[in-house]
Amino acid sequence: MWNEFKRFAVRSSMIDLAVGVIIGGAVGKVITSFVNDILMPPIGLLLGRVNFTSLYINLGRTKYPTFDTAQAAGAPTIN
């Protein structure tokens with residue numbers, strides 16, 4: 001396994017991999033920003049002023065009034 005890694009690193013594929021990871025991280029942040037800041041607000045407005053940032057599904061048995069309260073208590077949630 002070590003010899004395979006050395007061959008991989010020597011062929012300069014390691015640099016290609018690093019560039020791919022950096023570009024992938026940047027594209028991921030752009031997509032997240034697009035969805036959260038541009039796409040979801042109009043959808044929430046069309047659905048009757050729904051604020052998607054405060055929606056969550058509580059997977060525990062204890063009821064919490066807000067997402068922040070559930071998160072502070074460490075409750076299992078789907079956000």
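Before moving on, here are some points about what is shown:
- Hits in the range 1-46 - residues which are under 23 Å from the mean Cα position of the chain (by Cα) and either part of a loop (DSSP other than H, G, I, E, B) or more than 30 Å from ALA70 (Cα to Cα) (or both): LEU17, ALA18, VAL19, GLY20, VAL21, ILE22, ILE23, GLY24, ALA26, VAL27
- All positions within the range 47-72 that are assigned to a helix (DSSP H, G or I), surrounded by 11 or more Cβ atoms within 10 Å (Cβ to Cβ) and among the small types (Gly, Ala, Ser): ALA70
Taken together, the values in this text are just the output of simple stated rules run on the coordinates, not laboratory data. Note that this is a predicted model, so its numbers are computed, not measured. Backbone-built Cβ (ideal geometry, glycine too); neighbour counts: all protein chains shown.
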